[in-house]
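The values are calculated or read from the model by the stated rules, or taken from the named source; none is laboratory data. This structure is a prediction, so every number in the text was calculated from the model and none was measured. As a convention, Cβ positions derive from the backbone with ideal geometry for all residues, glycine included, and neighbour counts pool all protein chains shown. Just the protein is used for accessible areas: all its heavy atoms, side chains included, with ligands, DNA and RNA removed. Shrake-Rupley method; radii C 1.70, N 1.55, O 1.52, S 1.80 Å.
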Amino acid sequence: MESPNCKPLVLGIETSCDEAAASVYDGISHKIHSHIVASQIDVHRMYGGVVPEIASREHLKTLPLVIDKALKQASICISQIGAVAVTNRPGLIGSLLIGLSYAKGLAYQLDIPFVGVDHIEAHSMAAHLEHHINYPYIALVVSGGHTQLYYVESLGEFQLMGKTLDDAAGEAFDKVAKFLKLGFPGGPIIDQLSREGNRQAINFPKSFINEDHFQFSFSGLKTAVTRYVQCHGESNLADVVASFQEAIVDVLLAKTVRLSLQKKCPRVVLGGGVACNSRLREKMTQECTKKDIQLFIPSPLLCSDNAAMIAYTGWQYLKRGKSDSFDLNAVPVLAPDSYL
Ligand code: KG4
Ligand code: ZN
């Protein structure tokens, strides 16, 4: 199984959206030697969201510096790297291409293997960096672009059990925050402001919460919040966002726990930027404890976009002898027949 030719120091590269990240991960000692993330939030803030063309231009400027920093933080030189793992799907096509081209160039120059990694799979694998997790498990990936619920049988064996039919959970946070002029990205701002509000103040819709399937829908909730504020004004903004957040958390929680019970699979793994949400972490922990389900949530630094999860996931394939050839392309969307 193990590939004798693959040296264990893996350089991970992530540029699928608006973060350029690099990390050095040691597959033998299972240690993250460096973790660098350069966020473009300040550049995109004035537009209230990520502008794809600007994102890729920024990656061009910052990625070489980010990789340099990651090598310095790991106290190694580039020639000690044994392989490169890079996000090649899904994401913004221009942004993906910057990271992928850079990874190919490095692999060619150093004559080392490289492997393309699925960003969603990497989010679901991030928890493995901090916990020993047995298969099978239920994985909930909640980010700015995705809300997906998987039954994970083993490495790379994913069954997609449900996904959002419209907005992703993080997208709903961001759009509601934009509408309320709270800033960007909306998730952390709403998380913070919700602490001052009453979560039971407004009964916002919790789409599909009691239905026996695992699809999600958040666009009706978003519309309900905007209608509420148009009718009632913004005097109780903390209550509005706390009630909105509670509706999202309740739906994510109900579906995830129901799937775990239905599959008789008492292990749940969270990943993606929305898994930083303090209320989701708190409520999921309480409910899983009650139901005797083991819950694995990565530290916030490993929930949002980062390259340690890319290096780690890449290593899982590299050590089994899988690497990619230089004709590997960037894929912006999930393949229609893909489990992921
Ligand atoms: O995984 P991620 O860093 O990037 C994507 O792959 O999309 O996720 C970013 C998303 C954004 O929508 C952001 O608002 C949301 O994660 N987010 C949060 C929190 N921190 C980040 N949402 C809710 N609560 C948070 N604390
Ligand atoms: Zn992500």
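Would you pick out the residues in segment 303-329 that are within 14 Å of Ile120 (Cα to Cα) and open to solvent by 10 Å² or more (accessible area, probe 1.4 Å)?
First pass over segment 303-329, keeping only residues within 14 Å of Ile120 (Cα to Cα): 303-314.
Across segment 303-329, the qualifying residues are Ser304, Asp305, Tyr312.
Looking only at residues that are in a helix (DSSP H, G or I) and of a type in the set (S, T, N, Q) in segment 219-241, which one is surrounded by the fewest Cβ atoms within 10 Å (Cβ to Cβ)? Give the steps one after another, and end with the answer.
First, the residues of segment 219-241 that are in a helix (DSSP H, G or I): 219-232, 237-241.
In the following step, the residues that additionally are of a type in the set (S, T, N, Q) were identified as 219, 223, 226, 230.
Numbers: Ser219: 15, Thr223: 14, Thr226: 13, Gln230: 10.
Per the stated criteria, the residue is Gln230.
Look at Lys163 and say whether it is out of contact with any strand residue (DSSP E or B) (no Cβ under 9 Å at 6 or more places or on another chain), open to solvent by 40 Å² or more (accessible area, probe 1.4 Å), basic (Lys, Arg) and within 16 Å of ligand 1 (Cβ to nearest atom). Give the steps one after another, and end with the answer.
Numbers: out of contact with any strand residue (DSSP E or B) (no Cβ under 9 Å at 6 or more places or on another chain): no; open to solvent by 40 Å² or more (accessible area, probe 1.4 Å): yes; basic (Lys, Arg): yes; within 16 Å of ligand 1 (Cβ to nearest atom): yes.
Taking the combined requirement at face value, the residue does not satisfy it.
Looking only at segment 159-195, count how many residues are of a type outside the set (A, V, I, L, M, F, W, C), part of a loop (DSSP other than H, G, I, E, B) and out of contact with any helix residue (DSSP H, G or I) (no Cβ under 7 Å at 6 or more places or on another chain). Full working, then the answer.
First, pick out the residues of segment 159-195 that are of a type outside the set (A, V, I, L, M, F, W, C): 159, 162-164, 166-167, 170-171, 174-175, 178, 181, 183, 185-188, 191-192, 194-195.
Okay, now just the ones that are also part of a loop (DSSP other than H, G, I, E, B), so 166-167, 181, 183, 185, 195.
Next cut, out of contact with any helix residue (DSSP H, G or I) (no Cβ under 7 Å at 6 or more places or on another chain) only: 181, 195.
Residues flagged as of a type outside the set (A, V, I, L, M, F, W, C), part of a loop (DSSP other than H, G, I, E, B) and out of contact with any helix residue (DSSP H, G or I) (no Cβ under 7 Å at 6 or more places or on another chain) within segment 159-195 amount to 2.
Any idea which of Phe158, Phe173 is open to solvent by less than 10 Å² (accessible area, probe 1.4 Å), touching a residue at least 40 places away in the same chain (Cβ under 8 Å) and either touching a strand residue (DSSP E or B) at 6+ places or on another chain (Cβ under 9 Å) or within 13 Å of ligand 2 (Cβ to nearest atom) (or both)? Outline the logic, then answer.
Details: Phe173 fails: either touching a strand residue (DSSP E or B) at 6+ places or on another chain (Cβ under 9 Å) or within 13 Å of ligand 2 (Cβ to nearest atom) (or both).
Sole residue among the options that is open to solvent by less than 10 Å² (accessible area, probe 1.4 Å), touching a residue at least 40 places away in the same chain (Cβ under 8 Å) and either touching a strand residue (DSSP E or B) at 6+ places or on another chain (Cβ under 9 Å) or within 13 Å of ligand 2 (Cβ to nearest atom) (or both): Phe158.
Note down all Cβ pairs under 6 Å where the first residue falls in segment 253-279 and is of a type in the set (S, T, N, Q) and at pLDDT below 95, the second is within 16 Å of ligand 1 (Cβ to nearest atom) and not in a helix (DSSP H, G or I), and they're at least six residues apart or on different chains.
Short answer, once both residue conditions are applied: none.
Within segment 273-296, can you find the residues that are away from ligand 1 (no atom under 12 Å from the Cβ) and open to solvent by 10 Å² or more (accessible area, probe 1.4 Å)? Explain how you work it out, then say what you get.
Taking segment 273-296 as the starting set, the residues that turn out to be away from ligand 1 (no atom under 12 Å from the Cβ) are 283-296.
Answer for segment 273-296, where residues must be away from ligand 1 (no atom under 12 Å from the Cβ) and open to solvent by 10 Å² or more (accessible area, probe 1.4 Å): Lys283, Thr285, Gln286, Glu287, Thr289, Lys290, Lys291, Asp292, Ile293, Gln294, Leu295, Phe296.
Which number in (1) closer than 30 Å to Ala177 by Cα; (2) over 23 Å from the mean Cα position of the chain (by Cα); (3) touching a residue at least 12 places away in the same chain (Cβ under 8 Å) marks the one condition that Ile81 misses?
Against the list (1) closer than 30 Å to Ala177 by Cα; (2) over 23 Å from the mean Cα position of the chain (by Cα); (3) touching a residue at least 12 places away in the same chain (Cβ under 8 Å), Ile81 comes up short only on (1).
If a residue must be in contact with a strand residue (DSSP E or B) (Cβ under 6 Å, 6 or more places away or on another chain) and open to solvent by 10 Å² or more (accessible area, probe 1.4 Å), how many such residues does segment 81-95 contain? So that I can check it myself, show each step before the final result.
Just the residues of segment 81-95 that are in contact with a strand residue (DSSP E or B) (Cβ under 6 Å, 6 or more places away or on another chain), to begin with: 81-89.
Applying the additional criterion that residues be open to solvent by 10 Å² or more (accessible area, probe 1.4 Å) yields 89.
Of the residues in segment 81-95, 1 are in contact with a strand residue (DSSP E or B) (Cβ under 6 Å, 6 or more places away or on another chain) and open to solvent by 10 Å² or more (accessible area, probe 1.4 Å).
Only one of Ile138, Ile98 is more than 26 Å from Gly321 (Cα to Cα), surrounded by 18 or more Cβ atoms within 10 Å (Cβ to Cβ) and away from ligand 2 (no atom under 14 Å from the Cβ). Can you tell me which? Break it down into steps so the answer makes sense when it comes.
Working: Ile98 fails: more than 26 Å from Gly321 (Cα to Cα).
The conditions single out Ile138.
In segment 202-218, which residues are touching an Asp or Glu at 6+ places or on another chain (Cβ under 9 Å) and open to solvent by 50 Å² or more (accessible area, probe 1.4 Å)?
First, pick out the residues of segment 202-218 that are touching an Asp or Glu at 6+ places or on another chain (Cβ under 9 Å): 202, 204, 206, 209, 216-218.
Passing the criteria: only Lys206.
Can you find, within segment 10-37, the residue that is farthest from ligand 1 (Cβ to nearest atom) among those that are open to solvent by 30 Å² or more (accessible area, probe 1.4 Å) and among the hydrophobic types (A, V, I, L, M, F, W, C)?
Looking at residues that are open to solvent by 30 Å² or more (accessible area, probe 1.4 Å) and among the hydrophobic types (A, V, I, L, M, F, W, C), I get Ile28.
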